[in-house]
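The values are calculated or read from the model by the stated rules, or taken from the named source; none is laboratory data. Predicted, not measured: the structure shown is a model, and the values here were computed from it. All Cβ positions, glycine included, derive from the backbone under ideal geometry; neighbour counts span all protein chains shown. Each accessible area value is taken on the protein alone, full model and side chains, heavy atoms only, with ligands, DNA and RNA left out. Shrake-Rupley method; radii C 1.70, N 1.55, O 1.52, S 1.80 Å.
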Amino acid sequence: MGGTVHQRSVVRVGASLIVASLALTACGSRSDNDSGGGSEEATKTAKIGVIAPLSGDLSALGLGIQHSVELAVKQANDSKAIPGWKLEVVPKDDEGKTEPGKNAATALASDKDVIGVVGTLNTSVAQQVQPVLAPKNIVQVSPANTGPGLTQGAKWQTEPKRPYPTYFRTCTTDAVQGPFAARYLYETAKITKVATIHDKKAYGQGLVGTFTEEFKKLGGQIVSAQTINPDESNYQAVISAVKPSNPQAVYYGGEYPNAGPLSQQMKAAGLNVPLMGGDGIFDPKYITLAGKTADNDLATSVGAPIDTLDTAKKFVADYTAEKYKEPYAAYGGYSYDAANAIIAALKESLKSATDVESARKATVDAMAKVSFDGVTGKVAFDQYGDTTSKVLTVYKVAGGKWATVETKDFETK
Amino acid sequence: MDQFFQQLVNGLTLGSLYALIAVGYTVVYGIVQLINFAHGEVFMIGAFGALTTYLLFFDGKTSVWILPIMIVGAMIASVGTAVLMERVAYRPLRNAPRLAPLITAIGISVFLQEFIRLFYEEPAWTVVVFAGLAIAVGYVAGGRVAKVDLNHPVSRWYDRAPLLGGAGGAVGLWIVVRLLNRGLNPLLIAGVIVLGALVGTAIGWLAGLAARRNARVEVPIPAIAAAAVGGALVAEVGWVLFKKLITSVEWPSAKLRIPFPQLDVVTGKALQVGGVTIQRSALFTVGALLICAVLLWFFINRTRIGRGMQAVSQDPDTARLMGINVDRIIVVAFALGAVLAAIAGVSQGLQNTNIDFRMGFLAGLKAFTAAVLGGIGNIYGAVAGGLVLGVVEAMATQYIPGQFGGSTWKDVWAFVILILVLVFRPQGLLGARVVDRA
């Protein structure tokens, strides 16, 4: 008996030795990477959070935001823009959904080193993030929220009232974007009959709402108003419902994951009219999804096209030089400006501050006075926290690429 | 009137898709009385199988003869998934209370979704699959050489230890070598295979020694060696496949919707019949359903296995006594459902022009509804139920006026119909008499 036990324990020791040596060799090949990284100077750290969809359908836009903020922060650190302080970017994923967005905001708000946040991409997510960041006086600058209610309250059409003094944005709103598209279709493209479709989300609904109002005011006709379910990808039923009303164009409120297939299926079903949307469909992925028949589809986007502006050339060059894995996408310029707006405010507020928490209020106050020439034009905020620049651009798909049609300053009539 | 026919065409197209998936639910239910809630994911994997085939071999081409090959790829992926699923998740629970397989099914469904999402994102992880496959092949090869039945009720789990140890050891060594040096020259590769076989055999022998006191089945050294050689060889083949094929393709991110390839004849300009637009992909879907229905009828009524399926669905125990291999019949049922789901996956890709890893969930739910609507367990009922459901959805979008109309509410109406049918005709449209079940 003793012999067997002895023999078995030898086997066990042998087996575990083999397993251990395998594990060690496997690990050994990877452990060389940790040798770098010198010691940092003893400076104080302030963190700038990013809340954006870093995964999921909209990650292309979200990662562009993250990298653009990283670029701005890196340049500020390199040039020692804020003496005695080092900035750090803390990216948080909101998956484009409200619940993860709220969690991300809570995590950032509980970090005493966070001074500002760039984000979010979606208006619906921002509605959840604002109330979390505001009580802690953390300044929030969105590069992409276009819902008018975020800065001017729920009754923005009749009695605008700013709900959160900590919230700012560098892009224009749907209050401008929808009417801008309506004016383009009616005045420039001479289209009088339009069908609208939206995805029932805050962004899409708002866009179609402001578009419809302006289009009717101009004298146009909305021949059909439909909705789709954003979780679906077969839109035959909706298209068949729209088709008999013979629209000359379809205005879509929503984002490219649905808009691309919608455009493709529209044309395959014989509804050969352009689809027009807002900045949510202004993305190269839209053309990939919409396929060859996407030509002549239209989109509006906030600001002037980034690669034509002189101010933006340096940004594009710097971004390319950093070799980020993902492109800066539709909101890169706005994110870069948003981060720089925060940095500009921090130059004031952190000058004599001892810690981040005490400087937060001063940062919010300093934000209101920020004014500089950014990538997308003049960066400054009005009394609601909206950008003072109201430049928009119409883009058209031509030969598998987005091409600029016209850039205009929107004037209220 | 045009509008009515247009929606009828849309409804029949959508219904054909539901019907193709619904058959899978109904066949499996008819035989094992199990609702395979992961069937929607089999459908999704079919679509991804087709896309993978396209990306691997035909990227950028649009000729129509690619389509059959894509369908074959879709079928391989779907059938593989379904059969593996049956073996791993359902067979061990065959005699468990009914709730257990239901819960496993939901678990499997979530697992498959995440699996596809992660693996399409990170194709490098297919190496892990190849490693698992290599161990499995080694194990089977060793079992063949040893001529022992390791599934025999008398054998225990540790009887398998020598074989698993042999194959696992060989594959393990292989992985270690590859981690240290990715590009070995051919001579060294042969050396590593031999060394892997030796080390694997040694590990298997040690494992056998450890288990020997309690073992019921003696596994001889040649069998362990066969397991080790098999494992190492398959690992190498897998690695070559990975290097040559999988890394040669730029994989789209599965997090996003992925555009599905558009082929010449099946997609393209829609046909106009009077005022009705018929898409070519719709013709493909309806045609596929027709062909499948005819073949299915032939298979069930005119072949040995088909009749075996009917027998098992009527009374599994008696069928077993009559010499029917019930396990095999069940596997065939799963495979049959998977074949149709694969075709449905391809048609969905062609119709919607894009696929994503979540597409199986809603489609599966709708198809399940169709199966229940037609009378679950009845194949023709599944086809009828699918068509009815599709037409109801399309018509509801068009003809229900006001606030409850439009595509927003179409799912609601589909399920309202389901509830009404279940309340007033619980056995479904084509009432499933036991004799009809197959």
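Where residues in the stretch A:291-313 are part of a helix (DSSP H, G or I) and more than 21 Å from the chain's Cα centre (by Cα), which of them is farthest from the other protein chains (Cβ to nearest Cβ)?
So, considering only residues that are part of a helix (DSSP H, G or I) and more than 21 Å from the chain's Cα centre (by Cα), the one farthest from the other protein chains (Cβ to nearest Cβ) is A:Asp310.
State whether one or more residues within the stretch A:85-101 are open to solvent by 40 Å² or more (accessible area, probe 1.4 Å) and within 24 Å of A:Asp365 (Cβ to Cβ). Working first, answer last.
Restricting attention to the stretch A:85-101, the residues satisfying the condition of being open to solvent by 40 Å² or more (accessible area, probe 1.4 Å) are A:86, A:88, A:91-93, A:95, A:97-99.
From what's left, within 24 Å of A:Asp365 (Cβ to Cβ): A:86, A:88.
Yes, because at least one residue in the stretch A:85-101 is open to solvent by 40 Å² or more (accessible area, probe 1.4 Å) and within 24 Å of A:Asp365 (Cβ to Cβ).
Any residue at all in the stretch B:340-358 that is over 24 Å from B:Gly428 (Cβ atoms) and away from chain A (no Cβ under 14 Å)?
Step one: list which residues in the stretch B:340-358 are over 24 Å from B:Gly428 (Cβ atoms), which gives B:342, B:345-358.
Still in the running and away from chain A (no Cβ under 14 Å): B:342, B:346.
Taking every residue of the stretch B:340-358 in turn, at least one turns out to be over 24 Å from B:Gly428 (Cβ atoms) and away from chain A (no Cβ under 14 Å).
In the list A:Pro244, A:Pro257, A:Pro261, which residue meets the criterion of being under 17 Å from A:Thr192 (Cα atoms), in a helix (DSSP H, G or I) and within 11 Å of chain B (Cβ to nearest Cβ)?
Numbers: A:Pro257 fails: under 17 Å from A:Thr192 (Cα atoms); A:Pro261 fails: under 17 Å from A:Thr192 (Cα atoms).
Answer to the check: A:Pro244.
Hey, among B:Ile246, B:Ile224, which residue is more than 14 Å from chain A (Cβ to nearest Cβ), open to solvent by less than 20 Å² (accessible area, probe 1.4 Å) and over 28 Å from A:Pro53 (Cα atoms)?
B:Ile224
Please determine whether any residue of the stretch B:109-124 is surrounded by 13 or more Cβ atoms within 10 Å (Cβ to Cβ), of a type in the set (D, E, K, R) and closer than 20 Å to B:Ala38 by Cα.
Looking through the stretch B:109-124, at least one residue is surrounded by 13 or more Cβ atoms within 10 Å (Cβ to Cβ), of a type in the set (D, E, K, R) and closer than 20 Å to B:Ala38 by Cα.
Would you check if A:Asp365 is over 28 Å from B:Pro252 (Cβ atoms), more than 17 Å from the chain's Cα centre (by Cα) and not aliphatic (A, V, I, L, M)?
So A:Asp365 passes the test.
If you scan the stretch A:212-239, which residues turn out to be open to solvent by less than 10 Å² (accessible area, probe 1.4 Å) and at the interface with another protein chain (Cβ under 10 Å from one of its Cβ atoms)?
A:Ile228, A:Tyr235, A:Val238, A:Ile239
Which residues, counting only those in the stretch A:369-413, are of a type in the set (Ser, Thr, Tyr) and open to solvent by 60 Å² or more (accessible area, probe 1.4 Å)?
Of everything in the stretch A:369-413, those that are of a type in the set (Ser, Thr, Tyr) and open to solvent by 60 Å² or more (accessible area, probe 1.4 Å) turn out to be A:Ser371, A:Thr388, A:Thr404, A:Thr407, A:Thr412.
Which one is nearest to the other protein chains (Cβ to nearest Cβ) among residues in the stretch B:359-374 that are over 24 Å from A:Tyr286 (Cα atoms) and open to solvent by less than 10 Å² (accessible area, probe 1.4 Å)?
Among residues in the stretch B:359-374 that are over 24 Å from A:Tyr286 (Cα atoms) and open to solvent by less than 10 Å² (accessible area, probe 1.4 Å), the one nearest to the other protein chains (Cβ to nearest Cβ) is B:Lys366.
Tell me, yes or no, whether the stretch A:255-263 has at least one residue that is open to solvent by 10 Å² or more (accessible area, probe 1.4 Å), of a type in the set (Gly, Ala, Ser) and under 28 Å from B:Gly11 (Cβ atoms).
no
With the structure loaded, tell me whether B:Val28 is more than 13 Å from B:Ala105 (Cα to Cα), modelled with pLDDT under 95 and more than 13 Å from chain A (Cβ to nearest Cβ) or whether it fails that test.
Considered against the rule, which asks whether it is more than 13 Å from B:Ala105 (Cα to Cα), modelled with pLDDT under 95 and more than 13 Å from chain A (Cβ to nearest Cβ), B:Val28 comes out as no.
Inside the stretch A:110-143, can you point out the residues that are open to solvent by 10 Å² or more (accessible area, probe 1.4 Å) and of a type in the set (A, V, I, L, M, F, W, C)?
A:Leu121, A:Val132, A:Ala134
Assess whether B:Thr285 counts as being in contact (Cβ under 8 Å) with a residue 60 or more places away in the chain, of a type outside the set (Phe, Trp, Tyr) and either buried (at least 19 other Cβ atoms within 10 Å of the Cβ) or at the interface with chain A (Cβ under 9 Å from one of its Cβ atoms) (or both).
yes
Which of the residues spanning the stretch B:251-273 are at pLDDT 80 or above and more than 8 Å from chain A (Cβ to nearest Cβ)?
B:Trp251, B:Pro252, B:Ile258, B:Phe260, B:Pro261, B:Leu263, B:Asp264, B:Val265, B:Val266, B:Leu271, B:Val273
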